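Some notes on the structure that comes next.
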Amino acid sequence: MRTSVVAVLVAVTLALTGCQGPTTAAPTPVRSTDLTSSDGGFAADAVVGAVLAPGDDALAADLERGLDGAGFEPDVRVAGDAAAGDPAAGDPAAEQARAVDALVRAGAKAVLVHPVDADALAGAVQTAHDAGVVVVSVGDPVPASGTGGDGISADHRVPAAADAGDTARSAVEVVRSLQRGEQPDPAD
């Protein structure tokens with residue numbers, strides 16, 4: 001009887017400790033420079049999100065066309081601009097954080113972000129990393145430093161060019177590299 005009780009306790013302990021899976025969605029198969037630690041590529045028709053700042057309408061259109069032309073399923077979101085008279089606009093930084101979270105929940109494999117306030121995105125970037133989503137900053141770094149000194153940052157960066165079309169082309173090339181499981185060329 002005593003042996004049976006010990007065997008059951010050992011089995012329960014092993015089951016509880018050995019079968020605990022990840023607490024977040026499965027990661028995308030792309031090597032992340034931060035917390036995702038995954039390798040490979042992702043589907044050529046994957047959802048790729050973009051979260052842009054108010055006034056980035058030309059960049060949004062160029063990214064939509066470029067990502068669609070590359071075979072991805074683009075989901076491009078531009079934060080509202082209260083200063084421009086957008087009645088639905090609230091806090092653009094908070095809108096961007098909510099948009100990143102929504103794209104993660106929608107299954108995006110990569111998210112391009114042109115931040116209004118890079119530091120305000122630390123939590124959303126952490127959520128994306130926890131889910132295995134690769135974050136690519138467009139323009140300014142996202143964010144420059146994380147909360148609590150954990151170094152949360154975007155996985156890759158696309159410098160902003162003077163022309164929105166050039167920035168979009170560079171961003172699409174970075175996503176194509178990630179899709180193939182390659183590290184993007186820093187010059188991209």
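Every number here is computed from the coordinates shown, using simple stated rules; none is lab data. Not measured: the values here are computed from a predicted model. Neighbour counts run over all protein chains shown; Cβ positions are idealised from the backbone, glycine included.
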Check your understanding: Using the Karplus equation 6.51 cos²θ - 1.76 cosθ + 1.60 (θ = phi - 60°), what ³J(HN,Hα) coupling, rounded to whole Hz, does each residue of the stretch 166-177 give in order, writing x for Gly and Pro?
Key -> 5, 4, 5, 4, 5, 5, 5, 5, 4, 5, 4, 4
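Lys and Arg at +1, Asp and Glu at -1: add these up for the other residues within a Cβ distance under 11 Å of ALA131 and post the number.
So the surrounding residues net to 0.
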Study note, to complete from the structure: Spelling it out for VAL113: with amide H atoms placed in the peptide plane at 1.01 Å from N, the residues 5 or more places away or on another chain with amide H under 5 Å from its amide H are VAL51, VAL136, SER137, VAL138
Check your understanding: Counting only the backbone N, which residues of the stretch 45-66 are under 19 Å from the spot 7 Å out from the Cα of ASP163 toward its beta-carbon?
Key -> 56-66
